[in-house]
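The values are calculated or read from the model by the stated rules, or taken from the named source; none is laboratory data. Fair warning: this is a prediction, and the values are worked out from it, not measured in the lab. For neighbour counting, all protein chains shown are included, and Cβ atoms are generated from backbone atoms with ideal geometry for every residue, glycine included. The area values use the complete protein model at the heavy-atom level, side chains included, leaving out ligands, DNA and RNA. Shrake-Rupley method; radii C 1.70, N 1.55, O 1.52, S 1.80 Å.
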Amino acid sequence: MNLLLFGPPGAGKGTQSQFLVERHKMRHLSTGDLFRAAVKVGTPLGQEAQGYMDRGELVPDRVVIGMVREELLQLPQEQGFILDGFPRTVAQAEALDQLLAELKKGIEACVFLQVPHGDLVSRLAGRRVCTGCGAVYHVASKPSAKEGVCDLCGGEVVQRPDDKEEVISTRLATYEKSTQPLKEFYAARNLLAEVDGLGDAEEVLKRIESSLKLA
Ligand code: AMP
């Protein structure tokens, strides 16, 4: 099965992708993770993306589409995948259609995680991540046992630069302007599965699975 997972920043796309990947043997392709890895290593792609990411803006379509193309080309034909955080603009969605047609692949569903604006702000502002293994914490709802230290690998737990409050509002506004229109794009293709993203992560997973008839 090939899925798109989208929703505003902080909706839980990364968490739900991890669950789905583990349970359904799919490959997780997160454009945000790919950019962060490129920034960490300092590749030309990372250098180009970093300024946009730090400001909470979208990396230009041409760059993102090229990167996703490379990733999809490397997937074995039978390997199911979840695209997390891509597409984020109508131009990216159109490019994805073309790319999938070229690769003779299709999308079974586009899952949209719905979370109210106020909850997104508190989720993002309190989020902390491990720089070693990527584990995700929250200062209020899921703190690490020792502040700044990952429970799983002992790595450093930090705030993502784009989770700082001044950047969060730009990211949410960018989402509303550029990404929200994709709901209509996929609804018109009968691919949209809207899921309530509030509450316990395991509960949200069950909702996704039942909306996709995977349970
Ligand atoms: P994320 O981890 O999905 O919230 O992505 C972090 C940042 O990476 C975003 O705020 C953008 O700057 C960049 N990014 C990730 N995916 C895309 C995309 N599909 N199009 C443009 N920029 C992206």
Within the stretch 37-59, can one find any residue that is touching a residue at least 24 places away in the same chain (Cβ under 8 Å), within 11 Å of the ligand (Cβ to nearest atom), closer than 21 Å to GLU184 by Cβ and surrounded by 15 or more Cβ atoms within 10 Å (Cβ to Cβ)?
yes
Residue count, the stretch 127-163, condition out of contact with any Cys (no Cβ under 8 Å at 6 or more places or on another chain), over 24 Å from LEU5 (Cα atoms) and in a loop (DSSP other than H, G, I, E, B), comes to 8
Given (1) assigned to a helix (DSSP H, G or I); (2) within 12 Å of the ligand (Cβ to nearest atom), ALA101 misses just (2)
Note on the stretch 169-189: residues open to solvent by less than 20 Å² (accessible area, probe 1.4 Å) and over 15 Å from the mean Cα position of the chain (by Cα) are TYR186
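Given the structure, is GLY14 open to solvent by less than 20 Å² (accessible area, probe 1.4 Å), within 11 Å of the ligand (Cβ to nearest atom) and in contact (Cβ under 8 Å) with a residue 24 or more places away in the chain? Explain how you work it out, then say what you get.
Details: open to solvent by less than 20 Å² (accessible area, probe 1.4 Å): no; within 11 Å of the ligand (Cβ to nearest atom): yes; in contact (Cβ under 8 Å) with a residue 24 or more places away in the chain: yes.
Spelling it out, it is not the case that GLY14 is open to solvent by less than 20 Å² (accessible area, probe 1.4 Å), within 11 Å of the ligand (Cβ to nearest atom) and in contact (Cβ under 8 Å) with a residue 24 or more places away in the chain.
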Condition set open to solvent by 20 Å² or more (accessible area, probe 1.4 Å) and either in contact (Cβ under 8 Å) with a residue 24 or more places away in the chain or closer than 20 Å to ALA49 by Cβ (or both), scope the stretch 68-88, selection farthest from the ligand (Cβ to nearest atom): answer is GLN77
